[in-house]
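Written out below as structure tokens is the structure these notes cover.
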Amino acid sequence: MIDALTPAEWQALNLSLRVSFWATLCSLPIGVFTAYALARWTFPGKAIVNGLVHLPLVLPPVVTGYMLLITFGPRGPIGSVLEAIGLPIAFRWSGAALAAAIMAFPLMVRAIRLSIEAVDPKLEQAAATLGASRAWVFATVTLPLVMPGILAGTILAFAKAMGEFGATITFVSNIPGQTQTLPTAIYAFLQIPGGEGAALRLVVIAVVVSMGALLVSEWVARRLAARVGS
Amino acid sequence: MSLSVALRHSFADFKLDVAFDSPLGVTALFGRSGAGKTSVINAVSGLLRPDAGRVVVGETVLFDSENGLDLPVHRRRVGYVFQDARLFPHLSVRGNLGYGARFAGGVDPVKFARVVEMLGIGALLDRRPAALSGGEKQRVAIGRALLARPRLLLLDEPLAALDDARKAEVVPFLERLRDEADLPILYVSHSVGEVARLANTVVVIEAGRVVRAGPTVEVLADPAAVPSLGLREAGALLNATVIGHHPDGLSEVATSGGPLILPHVDAPPGTRLRIRIAAQDVILSIARPVGLSALNIVPVQIVSLRDGNGPGVMVQLRAGDDLLLARVTRRSATDLGLVPGLDCHAIVKTVAVSGADVMTLPANR
């Protein structure tokens, strides 16, 4: 497969996978926590938190990207701090991962929240009467029961991260080898005359990767569902 | 080790205010739906935090509002068997059974084997809860609670969700539990039959209050308790011992008031029994009747009469050392001149006593 791809294509695919992987992995614990809080807790400002989480879903991606730029850009309030400690993210792959994570976050939280809401609190009560503290109840009852939902949220987030375009190109631009992911590379090829062929090759790669991920997730989901007994 | 409960709690629509003691063995919390029975055991387990009260098991205080003591649910070690079993769907039967043990010092293989044997769930260990019948689920839930090394057991109508066949399948295991477990068991029920069968002590709860409490035999023989139990359900318990079986399919048992003939009882001679005689199945006669198809004519003495709201009178009778209840019309009571102290005869049709009314007792009690 490596031989079949040109170095540039390989670079874009590799970067896309890396960006999506880290975006998904890093947002997963936060996603589970947020989903749990939204599903189970009542706290002041819950509606606002819920709104903030879902904002990237309803805003034009370019707006999200621009907000990231003014916050995390070199002169932004957080970006300047990151710059000072030697961790700049604007116009870097880590910035692309941040953009992808934020765009994918609502999808991830929604899927996990739904599955947490589907867990019968009576089962958690039963676990408590059997001697399990809150943390143990979560680890041994809640978490295993929401695994299919977590998996679904993860796949959804990964797919969204692979396909993220608007916020990424606005925030971190389209620098080959740095921030040029599959979608932005396709876009770049389509901007130059005669680039359709190269774009088509990338489209095929995108389809193959997405299809593969989907098949694997189906298989894992089925095994999980069998384990949960539903 | 015994359990002592005193609770007060205000719900939106009613107040709970109960106090009772529960010795070793099964204490039934009896009452209609909505009387507050489940709230009581939820408060004992810690799932409900009452406004005020005190819950003590043996030497251990689980809750004491005066001293601000409120042990969290997971540290109370109460084995709670829910009406709907609540097995963990992602664990096998074995995993469910062992779940609580890990918080109580690990699974004790000897106890595990004993509980599995007692509940007859050895063949189910590797199954998932989804593949179990209702009765099997309930048995596993009982085992799971027992193996968590509880200080006491709480059973919330464990038979209510089961059909009659499944009930009949679980009852013998509950009887073994009653006879073999050495801890207090609170058993929530709205069925007099279940209470009569399983409980040593009964606490009758009505609209959030205890209206009656005491040994099951006494409460069920008390005419004053009848309104709480339900007229059709009323009936006293007789202690009996199997004498022998007749070739015509009948069994003869000895009671303190004389021998009784019952439909075949599946127990060897010498077995101790408890027999529930429904009050509405007892006929009273001043003179000893002759030419009667009923096989059981027991000499009794009237202890008390209590008027009901309808046309009936509940008559408490002494038969030897045991008490019986008979429900007759007020007209009959007047015509026959029934008064306390009067000697008469209680007539009980053999076929009026069904298998569900006959309970075998363990030899040592």
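The values are calculated or read from the model by the stated rules, or taken from the named source; none is laboratory data. Not measured: the values here are computed from a predicted model. Note that we place each Cβ from the backbone using ideal geometry, even for glycine, and neighbour counts take in every protein chain shown.
Looking at B:145, B:130, just one residue is at the interface with another protein chain (Cβ under 10 Å from one of its Cβ atoms), touching a strand residue (DSSP E or B) at 6+ places or on another chain (Cβ under 6 Å) and either at pLDDT 95 or above or assigned to a helix (DSSP H, G or I) (or both), and that residue is B:145.
Scanning segment B:66-84 for residues that are facing chain A (nearest Cβ under 7 Å), closer than 19 Å to residue B:104 by Cα and not in a helix (DSSP H, G or I) yields B:77, B:78, B:80.
Where helices (runs of 4 or more DSSP H) sit wholly within segment A:125-230, those with at least 1 residues that are out of contact with any Gly (no Cβ under 9 Å at 6 or more places or on another chain) occupy A:134-137, A:143-163, A:182-191, A:196-228.
Yes/no per residue for (1) under 18 Å from residue B:202 (Cα atoms); (2) within 14 Å of chain A (Cβ to nearest Cβ); (3) more than 25 Å from the chain's Cα centre (by Cα):
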| residue | (1), (2), (3) |
| --- | --- |
| B:5 | yes, no, no |
| B:31 | yes, no, no |
| B:49 | no, yes, yes |
| B:56 | no, no, no |
| B:60 | no, no, yes |
| B:86 | no, yes, no |
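Scan segment A:100-117 and tell me whether some residue there is over 22 Å from residue B:103 (Cβ atoms), among the hydroxyl-bearing types (Ser, Thr, Tyr), out of contact with any Leu (no Cβ under 7 Å at 6 or more places or on another chain) and within 14 Å of another protein chain (Cβ to nearest Cβ). Yes, some residue in segment A:100-117 is over 22 Å from residue B:103 (Cβ atoms), among the hydroxyl-bearing types (Ser, Thr, Tyr), out of contact with any Leu (no Cβ under 7 Å at 6 or more places or on another chain) and within 14 Å of another protein chain (Cβ to nearest Cβ). Give the residue that is modelled with the lowest pLDDT, with candidates limited to residues of segment B:7-29 that are surrounded by fewer than 16 Cβ atoms within 10 Å (Cβ to Cβ) and within 22 Å of the chain's Cα centre (by Cα). Looking at residues that are surrounded by fewer than 16 Cβ atoms within 10 Å (Cβ to Cβ) and within 22 Å of the chain's Cα centre (by Cα), I get B:23.
On inspection, residue B:116 does not qualify as under 29 Å from the mean Cα position of the chain (by Cα), among the hydrophobic types (A, V, I, L, M, F, W, C), away from chain A (no Cβ under 14 Å) and not in a helix (DSSP H, G or I).
Taken together, the residues in segment B:234-249 that are crowded, with 19+ Cβ neighbours inside 10 Å and more than 17 Å from residue B:328 (Cβ to Cβ) amount to 4.
Got at least one residue in segment B:120-137 being aliphatic (A, V, I, L, M) and within 20 Å of residue B:362 (Cβ to Cβ)? For segment B:120-137, residues aliphatic (A, V, I, L, M) and within 20 Å of residue B:362 (Cβ to Cβ): absent. Of all the criteria given as (1) closer than 30 Å to residue B:4 by Cβ; (2) surrounded by fewer than 16 Cβ atoms within 10 Å (Cβ to Cβ); (3) of a type in the set (Asp, Glu), the one not satisfied by residue B:84 is (2).
The single residue among A:112, A:70 that is out of contact with any strand residue (DSSP E or B) (no Cβ under 9 Å at 6 or more places or on another chain), surrounded by 15 or more Cβ atoms within 10 Å (Cβ to Cβ) and in a helix (DSSP H, G or I) turns out to be A:112.
Identify the residue in segment A:139-150 that is under 10 Å from residue A:119 (Cβ atoms) and more than 7 Å from chain B (Cβ to nearest Cβ) and, among all such residues, is surrounded by the most Cβ atoms within 10 Å (Cβ to Cβ). The qualifying residue surrounded by the most Cβ atoms within 10 Å (Cβ to Cβ) is A:146.
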